[in-house]
Each structure stands twice: as structure tokens, then as C-alpha cells.
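Only one structure is covered here, and it is reproduced in the block below.
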Amino acid sequence: MLLIFALLAIGTTFSVASATVKETQSVLDRSASIEEGKQIFLKGCSSCHGLNAEGASIAPSLIGVGAASVDFQVGTGRMPMADMSTQAMRKAPVYNEEETAALAAYVASLAPGPAIPGESELNYERDGNAAEGGELFRNNCAMCHNFAGQGGALSQGKYAPTLMGVEPKHIYEAMVTGPQSMPVFSDKTITAEEKLSIIKWIKSAEAEPNLGGATMGRIGPVTEGLLAWVLGLGLLIGIAVWLTTRAR
Amino acid sequence: MTTTEKKIGTAANFVDERLGAAKWVKKSLNKVFPDHWTFMFGEVCMYSFIILLLSGTFLTFWFDPSQKEVVYNGAYEPLQGLKMSAAYASTLNISFEVRGGLLMRQIHHWAANIFMAAIVAHLLRVFFTGAFRKPREFNWILGILLLTLGLVEGLLGYSLPDDLLSGTGLRITSAIIQAIPVVGTYASFFLFGGEFPGTDFIPRIFTLHILIIPGIFLAVITIHVMLVWYQKHTQFPGVGRTENNVVGHPILPVYMAKAGGFFFVVFGITAFISAVASINPIWLYGPYTPGQISAGSQPDWYMGWLDGLVRMAPPLETHAFGHTISWNILIPAVIVPGIIFTGMALYPFIESWITGDKREHHLLDRPRNVPNRTALGVMSITFVMISLINGGNDIIATNFDLSINQIMWFSRIGIFILPPLAFIITKRLCLSLQRADRELLLHGAETGRLLRLPHGEFVEVHAPISPEKAYLLQSHEQLVPLEIEDVDARGVRRPGALKNKLQRRLSKAHAVSVPKVTEQELKEIENH
Amino acid sequence: MSNELTPIDDSVVPAHAPRATDVNPVSEKRAEQQVAILFGLSGVGSLLLIYSYIFVKDTVFIFIPIMGNQNAQQLGIGIGMAMSLFFIGIAAIHWAKTLMPDKEIVNHRHEFRSSDEDRAELVQTVKEGVAGVQLGRRKLIKRSLGAAVGLFALPPVLLLRDLGPLPGKKLEMTNWKAGTRLLTDPGNRPILASDLEVGSVVQVLPAVEDLEHRPLSDIAKDPVLLIRLRPEEFQLEPDRLAMTHEGIIAFSKICSHMGCAVALYEQTTKHLLCPCHQSTFDVTRAAKVIFGPAARPLPQLDITVDAEGYLVARAPFNEAVGPSFWERNSQ
């Protein structure tokens, strides 16, 4: 009798103890991620953003910017910034996915901020409407990024980059966090569904073939005028010279 | 007589008994048109116009010039369900549901761009060769009128689809009209049928674009070409060519074949470009609403220089007595173009006043022999190029990593400094070319072969130039400044002293040139 | 002043050098064949056009190097048309150049000025004709003619009066009045102050009766841009500061230069850039113009919140929005 009771007691105690260990383990995992992020941060980011991410004259504070900001900036390679000229430009990312996630976790742990959108939140094919997205795009985005998302000029050499070839996740994060010159488009003013419509439209514009022929960058009349003079008049002058030359 | 000849004979007899035109037709078929590739620019203009008429007529069968709001449910998915004007929707219909519709739209728009480019090239050719001189001054003025009409017609044409880009252009047009003092708001309200954009504008510009302006074009082009026919085309100097003749091929058969063939070539090249290069993809721009705008919004290139001038204008407005005068709009968009086009139209008379030359001219100038005029032309081209560049400053900034602010400052300062600089450099270049011609005539062409003479001197061997070339190099006239005495033969002071002084100064500047080789110098060289 | 060398006899044109096709029958035959081939290529083009028009579906796309995916029907019709036209032209020109007579001929010019006799006769005819009119003698006719023609000129102008309404005060009025709610564009949703984060930008339109059918003429004046800054970032006069609400400031989106939509907000510099002519406005200083051709700042809308916390206009704009015009009192 005593033996059965003793076995039960040990068994229950053991299972409870191991459950506690598991929980402690996932907490330890997350905090390990944050710790990893902190280490990466101290090595690669603190020289500009400060030891506690409080910011300095050359870089803003990261307290409250959220995981989404980090995922965008580091994921598109903008951060670490290559040269301190006009603005951070998209380039090959320095940190891999795991390191980026760690950095994001660290910055998110400093203060609440926008989270990285999950897979289910980015199903633009299902949840978005391309036509509505086009209207939203022309109202809110085209003035900087051009009618076809090819990018445009801002003042003093800054620019709104092209939106072609950008991951939907990054487009979403940029709208939510407003990187550098880009304003913030919070979910209250452009809803999550509207954001997905915008992404759907951008992706459809990206996939759409040039329906009338080569477009020379989808920029508009400037390149068209150049082609009229160079190719149009050029070819015609060539024929005119041939026409008026005597045959031998 | 063959059967064909008999048939033609019967037909010709039928016509001749009613019109009696045998003499005129014979003269016309033997009419001579001189050949030079630069004379083909005018033909490109004319053929492009015909292409515009043909392709435009095609488009009118499907285009709906109405601003009534419709909901789109055609073939282009990214615009499904959106509200837009019937004009925009019908343009989408032409592009995606009419076979060959997008091609015709593109032919029409590319032809318009090539038309305007050819007009400018033609204008420059006529200007630099002095073909506008007596008796062709009136034809030159008609040409300037055609250029102006072309600008307006193009603007109205690309505004018809009522898309975001052209609608923005119309917004700017209405702002220019509105800015005119006293009558501006009335003019704008009458043109648009109320406030911008209203619902009457597209139908009204449709009438202007397909009926009124093409009608004026047809009439003016007919007079323009008839004048060339009647006054005979000018020709470049050369052996056998004088002020009193025209040398070339007759209309039947050579000129007809070449000119007729060139029409098909122009049409073919326009169609080729329209097949492979996209122009005005209105489905990407979206329907026009005044609340939207795209980065990098420009008009077509022939209006782009005006956009550039407007961008670089200083922010000047006068606010006085409850009224506003917008100098920042009026100067670049109304006053400066007004001065330029008026000056262009009057140039033949300005130049004949400066030179005092009232004779007929049928032989063309080689541009180097009229340094002042050539330099003036290059100066004007420089002015327009700087304006054009500024008109695209945001596109240039985006694609070449520059700053719009820097390009703007470059244009603001450059527009004043670079044209005079271009004038000076071009004039010097012309004089250098004249000097080179003189050397060529006197000493022959440099062959690059060296000869060592018996006493040790090295000389370069010069080859004599052909008699045709020698003729060409001295066929121009020596420019001579006007001599206006302040006091006439009887010692009475001439009126208009200031005007005479100006005329003398300008005439002297215009006549700066390298002296022509004289007969005596040629003889001396021969004996050398 | 004429040329200094002896004038050349204008019947002397440069010696006619024969072409290969003039003297060599083989060259001549070859030129003929070339013309025939060119006409043949034109035929090929026409056939390509017909085939593409009838048989190629407009959903087919083919890949062309450099150009990417192209619509096959459009390309087929276009290249077909281009070929059919182009080669007719080239064939005709090649035919003229190689096979048609090559001799240049001379036309003579005649002075344009009419002969003195013709001029005198014209003057005589005109004088006689005008004398028949005798307008100088017939003063009654002259005066009544003048009056009729003068009056006659008025109706054509008058008939165009109904082209448009008179401007009146229309340019100075928008749909913004005291208490008008700010609604998102598109979407027409009202906005709480807390919906905007620092750095946010929202395009808004006024709440009107019929939200679904706003006339474009209203949209040409009503759009407003809402921007949220930190209150301490403003450098405003007290009266302008009072028109903001908790760091949210509202400006007319219609450029004061020529009416384009100004909405490029640079979050870092707090500048608004108009893409049409690059006028730049400083939001922290009430949209003062700091670069470009615009001469006036963007009109600021006085905003506050209503009882439910939604953003509303406190008053209409205190000046006309959009481009300047003669009657605009800009002081």
C-alpha cells in the first residue's frame, strides 16, 4: 500500500516539476532571443542608436518603434546604414532571418510598438480588393512613389523608392511604421484590410505585363518624348539621307 | 495606241473639255523639287498630319467625349467597379476591347509627338538656312502659327481620355487662365462651364480637337504648301544653281515615287514604334480626380519646356487693393512664351531691318556664313533645352541620384548665363569654320603626307579640291554692315537717331565674318 | 552684290555620271528583283496583320527579349501594319533611286513683282470700282452701314454668354463649415484624435449630404491633409496654434500655386512637397513656402473635436483655397 502511494506521489511530483521546467524553458528561449538581439544590437547598432537604444544626434531613439520597424529596416538591408548621406537605401541585408528576429524581439522588449504582421494577416489575395487598392494607392501613395510604384523624388536629394520587388510583409510594415521620410499610416486611418488591398494592387501592377509595348520605366511623357526624338526622328532622318543620296 | 493609252486618252479628253487644264498639268508634272535630306522634315510634318487624321478618325468611332460618371466593368481588372468618366471608360474600351484599338491610340499619340518634333526640326532648318527671307516671310509666319496650333491641339488631344496625368495638366491650364488679370476667372468659368473641372470641358475640347483646329490646320497647311509650290522651293548653293533657277528631279516620276514612298515610310515607322513602345498607358494613371496626383507629373515634351519655366519662376505675387496678380504664373506661362512666339514670327522682318537687305533670296545660306543668325538660333535652343531639363527635374533626380533643389538652382541661374554663353561660342565656331573654308579654297585639303624638299624643309602636301567644292566655298555673299548716315546729303539730320544708332550697331554685329577669298587672291595662289 | 566669280550659265548642271543600273543589265535586273522582294515583304506584313486580327486571341502573351511579355495580338497587328506600310515606301524609293531616270532638270524662276503695266491697270480698275461705291459722297449710307455692322458684331459674342456661370464668390467657398466632420478619403469614416499617431498623415474630405456622389468641382477645393506632430515641434503664432488640436494640424491639400494635390509629407523634415512644380511648404510654420514658385502658404483649417471626440472643423477656411486669381483678397 505504502509503495503504491509512494510511486503515485513521485510520479505526480515529477510530471508537475517537468511541466514547470518546460514553461521556464520557453520563457528562457524568448529571453535568450532578446538577449541575442541585445548582443547584436550592442555590436552593430549602439554606436549610432545609443547603448540603450535611446538615440543620439545622428540616429533616432528606438524605444517604442516596435518589432515591425526593426523587421522592415533590417530585413530590407536599410539598417545598418551604409553611408550617412541623404537616406537609408535598400540593399542586401547584413543580418540573417534569425538575427533579424532577435533584434526585433530585443527592440520590442524595450517598449510596446507595432508588431510584425503574421502570415494569416498578410493574405492579400483573399482579403484584398485590387481595384479598391488602386484607388487607395493613388490617394495616399502615388504622390511620392509614382502612379505605378516606380518611385519618385523628394526634396534635397531624398527619394521615395520603387515598390517593385518588395515583400508584402515589408510593404505592410513600412505603412505602419513610417520609415524615415515616409509618414505613418496607422490601422485606424488605413485599415488592415485596406492595407492588404493596396498590397494586392501593387503586386498586380508588378506582375502586369506592359500592355502596349516597352514602357521605358513606366515614368511617363519624359521618356516618351525622348524616344520620339531619338528613335522616331532618328530613323526618319536615316531614311531621308538614304532617300536623297544618289544611287551608285 | 495601246488599249490603256486609249482609255486614259478618253478620260483625259472628258476632263479637258470641261476644265482645259492641259497646260497647267504639264507644267506641274515637270515641276522641279530640289533634293536634300533636310528638306524632308516638312514632309514628315505633312505625312504625320495625315496619319493623325486617319488614326484620329478611327478613334472617334469608339470614344465617348462625356464626363458623365459611369462604373467600369470592362476587361481591365485593376479598375473593376471604380467610378470614372465615360471618356476614360471609353478609352479603356478602345485599349482593351477593340482589336487594334490600343495600337491606333498609340499610333495617334506617337504620330503627334513625331509631328511636333518634325515641326521643330523643320523650323530649325528653315531658320538656320535663311529660307524665311523674302519672298517667304508670310510662309514663315504661317509656320509659327502651325507650331502654336500644334501645341494646343496636342494638349487638348492628350487631355481627352480624362486620366490622372492629363487632368492634372488641365488643372494647371485652368490656373494659368484664372491668373490672367481682370478677365481670368470669367474666361476660366466660361471655358470650363463653371468651376474646375466641371462637366462640360471634355465635350468642348473634343469639338475643338476634331473639328475646329483640324479645320484650321487643313486650311493653313494648304496655303503653306501652295506657297512653296508657287514660290518654288529654295535650294542649297552649288554648281549650276543660281538665284534664278531650281535644279532637281521632276515630279513625274521620280519625285512622286520618292515623296509618295516617304509617306509610307513615315507611316510604317510610326506604326512600328507604336507596336513596340508603349505611350500614355492611361490604365496605369487611373481616372482623374483633383484630389490625387502622381510623383513625376509632366506634360508631353512640347509643353514640357513651359512646365520647366513655371517650375523655376520666382515666387512673386502682388497683393494690392484686394486683388492679386500672380507674376509667378504670368511671367513663365504667358509673358515669356508670348515674347518668344511673337519674336519668332517677326524675325524675318527684324533680320531684314538689321541687314537692310530687301532682295529676294532663293539660294540658302550655309549656317557658318551667317554667324550671328546661327548663334541666335543655338542660343534659343539652349534656352529651350534648359527649360525642358527643368521640366523633368524630378525624373532626372530620381534616376540619376540628384537633388531637385540643385537642378532647380542650376536652371534658375543657367537660363540667364548659358544662352549668351552659347551665343558667343557658336559665333566663334562659325568664324572658325569660315576660316577653315578659306584655307581649303586657297591651299587645298591637307593630305597628311609630308614631303621633304631638297634643301631640307618639310612641307605638307595639299590636294586641290574639286571645282564643285571650290564653287561652293565662295558662292556666299560677303556680309556688309549697313551704312546709315546721321546726316543726309543736304546736311539735314535724319529723324529717329536712336533707332538708326541701334540699327547700325546690330548691323555691324550681324556682319562680323571672315572676308571672302577674292579673285585676286586666287590668281596669286595659282601662280604660287 | 553678286558672286565675285563669273556667274555660271544656269543651263550647265553637273555632268551626269551613270549609275550601275544604267549601264549594267545585271545590276538592273538585280535592282528589279530587290524592288519585287521589298513589295513582297509588304505583302507579308499585311498577311501578318490579317492573321493576328482574326486568329490571335487578345489573352495570349509572348516573351520578347528586352521588352518582356508582350500582347501577341497587339504586336502582330502592329508589326504587320508597320511592315505593310514601310516596305511599300522602301520599294518605291529604291525603284526611283535605281531604275527611274536620274537626270536633274532646271526650272527657271521669274521675278515675282508684277509688271508696271499690270500694276497700273490694277490701280485703274480699283479706282473705277471704288468710285462706283462713292462712300465719301453718300454720308447717310456710310453712317447707317457703320451702325449696322457695329451692332451686328454684338450677337455672336452675346450668344456665347451661357457657356458658363459668372464666377461670383464660388472660388472662395468650400464645403467646410463650423462643425463639419472630417472624413477619411476614401472610406468616409470619421476620425478620433487618438486614431492618428505622431508622424501620421490622413487625406480627409468634409462630411456632406451625399457622400457617394461628391462632384469633382467640390473635390477640387475640399481635400484637406491632416498631419500629427508633437505639439512642441510647432513654431506657430498663437492664433495659428489655436487652430491645431493636440499636435494635429490641418491644411488645404490644394496647392496655392496651380492647384495640384500637395500631399508629399516628409516626416523627417516636416515639409510638404508639391510634385508638380516642387513648391515646398514647412508644416511647423503654418505651411510657409520655403522653396519653389508658390507665393502663398497653404490655407490652414481651424480644427477641434466634437462632443463624441471626432475631429471637426471649427470654422470655414478664412481665405480662398487653391490657385490665385485677380479678385482674390490675399492680405
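No value in this document is a laboratory result; all are computed from the given coordinates. Quantities reported herein were computed from a predicted structural model and do not represent experimental measurements. Neighbour counts run over all protein chains shown; Cβ positions are idealised from the backbone, glycine included.
Using a Förster distance of 41 Å, how high is the FRET efficiency between B:H455 and B:L429, based on the Cβ-Cβ distance and rounded to 0.05? Each step should come with its number before you reach the end.
Details: r = 39 Å, r/R0 = 0.94.
It comes to 0.60.
What's the local net charge at C:N24, with K and R +1, D and E -1, over the other residues with C-beta under 15 Å away?
Values: positive: A:R248, C:R19, C:K29, C:R30; negative: C:D22, C:E28, C:E32, C:D102.
Here the charged neighbours net out to 0.
If I fit a long axis through the Cα atoms of helix C:25-55 and take the longest principal axis of the Cα atoms of chain C, what angle between them do I get, 0 to 90°, rounded to 10?
Tilt relative to chain C: about 30 degrees.
Name the residues whose placed amide hydrogens come within less than 5 Å of the amide hydrogen of B:I293, ignoring near sequence neighbours (fewer than 5 apart) on the same chain.
Here the answer is A:M143, since their amide H atoms fall under 5 Å of that of B:I293.
Less than 11 Å Cβ to Cβ from C:K253, Lys/Arg counted +1 and Asp/Glu -1: what total charge do the surrounding residues give?
Working: positive: C:K221; negative: C:D185, C:D222.
Taking every other residue near C:K253 into account, the sum is -1.
Can you list residues whose amide H is under 5 Å from C:V201's amide H, if they're 5+ apart or on another chain and H is modeled 1.01 Å from N?
Amide H to amide H, under 5 Å and 5 or more residues apart or across chains, C:V201 pairs with A:V184, A:S186.
Over the Cα atoms of chain C, compute the convex hull volume and normalise it per residue, giving Å³. Numbers along the way, then the final one.
On the way: hull volume 146.5 nm³, N = 331.
Dividing the Cα hull volume of chain C by its residues yields 443 Å³.
Within the range B:430-468, list the GluC sites (Glu not before Pro) lying in a DSSP loop whose Cβ has at most 10 other Cβ atoms in a 10 Å radius. Display every interim value, and only then the final one.
Working: sites: B:E439, B:E446, B:E457, B:E460, B:E468; in loops: B:E457.
Here the sparse-neighbourhood loop sites are B:E457.
Over 36 Å, how big is the tail of the calculated P(r) for the range B:32-303, in percent of all Cα pairs?
Numbers: 8956 of 36856 pairs.
More than 36 Å apart: 24 percent of the Cα pairs in the range B:32-303.
From the backbone phi of the range B:364-372, what are the Karplus-calculated ³J(HN,Hα) couplings (6.51 cos²θ - 1.76 cosθ + 1.60, θ = phi - 60°) in whole Hz, Gly and Pro given as x?
7, 8, 7, x, 5, 7, 10, x, 5
Over all distinct alpha-carbon pairs, what is the Kirkwood Rh of the protein assembly as shown in angstrom? Please report the intermediate quantities before stating the final value.
Working: mean 1/r = 0.0288 Å⁻¹.
In the protein assembly as shown this quantity evaluates to 34.7 Å.
May I ask for the angle, rounded to the nearest 10°, between helix A:2-44 and the longest principal axis of chain A, with both axes built from Cα atoms and the value confined to 0 to 90°?
It works out to around 30 degrees.
Rounded to whole Å and sorted largest first, list the principal axis extents of the Cα atoms in the range B:284-354.
52, 42, 18
Taking the alpha-carbon centroid of each part, what is the distance from the range B:150-174 to the range A:113-157 in angstrom?
27
Taking chain C as a Gaussian network, where each spring joins two C-alpha atoms under 10 Å apart, which residue of C:G199, C:G45, C:G150 fluctuates the most?
Ranking C:G199, C:G45, C:G150 by mean-square fluctuation puts C:G45 first.
Taking the radius of gyration and the Kirkwood hydrodynamic radius from Cα positions alone, what is the Rg/Rh ratio for the range A:96-161, to two decimal places?
Numbers: Rg = 16.5 Å, Rh = 15.0 Å.
Rg/Rh: 1.10.
Add +1 for every Lys or Arg and -1 for every Asp or Glu among the other residues with Cβ under 14 Å from the Cβ of C:A207, and state the total. Kindly include the intermediate steps, with their values, before the conclusion.
Values: positive: C:K177, C:R181, C:R189, C:R214; negative: C:D185, C:E209, C:D210, C:E212, C:D218, C:D222, C:D306, C:E308.
That works out to -4.
Could you identify which residue out of C:L163, C:L38, C:L122 has the top mean-square fluctuation in a GNM of chain C using Cα springs shorter than 10 Å?
Among C:L163, C:L38, C:L122, the largest mean-square fluctuation in the Gaussian network model of chain C belongs to C:L38.
Where the eigenvalues come from the Cα gyration tensor of chain A, what are the semi-axes √(5λ) of the equivalent ellipsoid, largest first, in whole Å? List each step's numbers first, then the result.
Working: eigenvalues 571, 103, 61 Å².
Taking √(5λ) for each eigenvalue gives 53, 23, 17 Å, largest first.
Measure off 7 Å from each Cα along the Cα-to-Cβ vector at B:Q478 and B:A12, then give the distance between these two points in nanometres to one decimal.
Roughly 5.3 nm, to one decimal.
Relative to the longest principal axis of the C-alpha atoms of chain C, give the angle of the C-alpha long axis of helix C:116-133, reported between 0 and 90° and rounded to the nearest 10°.
Result, in degrees: 50.
Give the long-range amide H neighbours of B:A277: residues separated by 5 or more places, or on another chain, with amide H under 5 Å away, using H modelled in the peptide plane at 1.01 Å from N.
A:A214
Hey, what does the equivalent ellipsoid look like for chain B, semi-axes from the Cα gyration tensor as sqrt of 5 times each eigenvalue, largest first, whole Å?
Values: eigenvalues 448, 235, 127 Å².
Largest first, chain B gives 47, 34, 25 Å.
Work out how much length C:R161 to C:K29 would gain on full extension: take 0.36 nm times their residue separation and subtract the Cα-Cα distance, in nm to one decimal. Walk me through the numbers before you get to the answer.
Details: separation 132, 0.36 × 132 = 47.52 nm, distance 7.05 nm.
Gain on stretching C:R161 to C:K29: 40.5 nm.
Could you work out how far the C-alpha centroid of the range B:35-112 sits from that of the range B:258-295, in angstrom?
8
Return the sequence-ordered ³J(HN,Hα) values of the range B:268-275 in whole Hz as given by the Karplus equation 6.51 cos²θ - 1.76 cosθ + 1.60 applied to θ = phi - 60°, using x for Gly and Pro.
x, 5, 4, 5, 4, 4, 5, 7
Run the quick spin-label model on A:K188 and A:L2: label points 7 Å from Cα toward the beta carbon, then report their separation in nm to one decimal.
Taking the simple label geometry, A:K188 and A:L2 are separated by 6.9 nm.
Let me spell out the model: positive unit charges on the Cβ of Lys and Arg, negative unit charges on the Cβ of Asp and Glu, origin at the Cα centre of the protein assembly as shown. What dipole size does that give, in debye rounded to 20? The partial results should precede the final answer.
Numbers: 95 positive and 101 negative charges, 816 e Å.
Roughly 3920 debye, rounded to the nearest 20.
Short version: ³J(HN,Hα) in whole Hz for each residue of the range A:66-71, in order, from phi by Karplus 6.51 cos²θ - 1.76 cosθ + 1.60 (θ = phi - 60°), x for Gly and Pro, what are they?
Using θ = phi - 60°, the values come out as x, 5, 4, 4, 5, 4 Hz.
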